[in-house]
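The values are calculated or read from the model by the stated rules, or taken from the named source; none is laboratory data. This structure is a prediction, so every number in the text was calculated from the model and none was measured. All Cβ positions, even for glycine, are placed from backbone atoms using ideal geometry, and neighbour counts span all protein chains on display.
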Amino acid sequence: MPDKFRVFDIPVDNLVAGLVFVPQILDEFDGEEICIVSPDVGGVVRARALAKRLEASLAIIDKRREKAGVSEVMHVIGEVKGKICILVDDIVDSGGTLCNAAVALKENGAKDVYAYVVHGVLSGGAVSKIEASPMEKIVITNTIEATESVSSSNSVEQLSVAPLIGEAMRRINEERSISALFK
């Protein structure tokens, strides 16, 4: 890599914070038929990995983005009828894509819709938008400090990534594999 692109030259590991969702999903939806849903084609790898870990089915939202900040759901790819659908994403800002996806999933027969997002920016009126949507709840991690609207909302739940970071630190200190955490 050319030097102009180097910020630092020490090895790093990407901590997959989405794994903190697995125990909660297993506990909350025990015995239910769930479908993990990618809100766009770009998130399919993430959604597929979570679906595999949870032994759940997979669906994909096919959307079109005509301009920045505006998306339109075109199709739901996969069977969602009668299932609890769990939208998974890495980051959500305005919430528009997730809210549109939730509407499309309900229109296609989803029993309930939840969202699990690693980085919940939730700027502007995002929380109000989510509360008015057909989503039962959005679960985010605490990688971003919660705003007052996030903290006071019954529709937003925040999970801690501290156990994940702590385990990574322990493994580094013990010179053990961090990548083994994600297998």
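For every residue, the table says whether it meets (1) farther than 24 Å from Val20 by Cα; (2) outside any strand (DSSP E or B); (3) at pLDDT below 95.
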{"position": "Met74", "(1), (2), (3)": "yes, no, yes"}
{"position": "Cys85", "(1), (2), (3)": "no, no, no"}
{"position": "Val88", "(1), (2), (3)": "no, no, no"}
{"position": "Ile91", "(1), (2), (3)": "no, no, no"}
{"position": "Lys106", "(1), (2), (3)": "yes, yes, no"}
{"position": "Gly109", "(1), (2), (3)": "yes, yes, no"}
{"position": "Lys129", "(1), (2), (3)": "yes, yes, no"}
{"position": "Ile140", "(1), (2), (3)": "no, no, no"}
Exercise. Hey, among the residues in region 161-179 that are in a loop (DSSP other than H, G, I, E, B) and more than 14 Å from the chain's Cα centre (by Cα), which one's surrounded by the most Cβ atoms within 10 Å (Cβ to Cβ)?
Worked result: Ile178
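If a residue has to be in contact with a His (Cβ under 7 Å, 6 or more places away or on another chain) and closer than 22 Å to Ala102 by Cβ to count, how many in region 142-183 make the cut? Lay out the reasoning, then the answer.
To start, the set of residues in region 142-183 that are in contact with a His (Cβ under 7 Å, 6 or more places away or on another chain) comprises 143-144.
Next, from what is left, pick out any that are closer than 22 Å to Ala102 by Cβ: 144.
Within region 142-183, residues that are in contact with a His (Cβ under 7 Å, 6 or more places away or on another chain) and closer than 22 Å to Ala102 by Cβ number 1.
When region 142-153 is examined, which residues are found to be touching a residue at least 12 places away in the same chain (Cβ under 8 Å) and either assigned to a loop (DSSP other than H, G, I, E, B) or among the charged types (D, E, K, R) (or both)? Break it down stepwise before answering.
Here is the first cut: in region 142-153, the ones touching a residue at least 12 places away in the same chain (Cβ under 8 Å) are 142-144, 146-147, 149-150, 153.
Hits for region 142-153 are Asn142, Thr143, Ile144, Ala146, Thr147, Ser153.
Go through region 111-127 and count every residue that is among the aliphatic types (A, V, I, L, M), on the phi < 0 side of the Ramachandran plot and part of a loop (DSSP other than H, G, I, E, B). Spell out the reasoning first.
Taking region 111-127 as the starting set, the residues that turn out to be among the aliphatic types (A, V, I, L, M) are 113, 115, 117-118, 121-122, 126-127.
Add one more test, that the residue is on the phi < 0 side of the Ramachandran plot, and what stays is 113, 115, 117-118, 121, 126-127.
Pick out the ones that are also part of a loop (DSSP other than H, G, I, E, B) and you get 121.
Residues in region 111-127 being among the aliphatic types (A, V, I, L, M), on the phi < 0 side of the Ramachandran plot and part of a loop (DSSP other than H, G, I, E, B): 1 in total.
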Problem set entry | Any hit, region 83-103, residues being surrounded by 11 or more Cβ atoms within 10 Å (Cβ to Cβ), of a type in the set (D, E, K, R) and over 19 Å from Gln158 (Cα atoms) | yes
For this session: For region 69-97, enumerate the residues that are touching a helix residue (DSSP H, G or I) at 6+ places or on another chain (Cβ under 8 Å) and closer than 23 Å to Leu15 by Cβ.
Result: Ile86, Leu87, Val88, Asp89, Asp90, Val92, Asp93
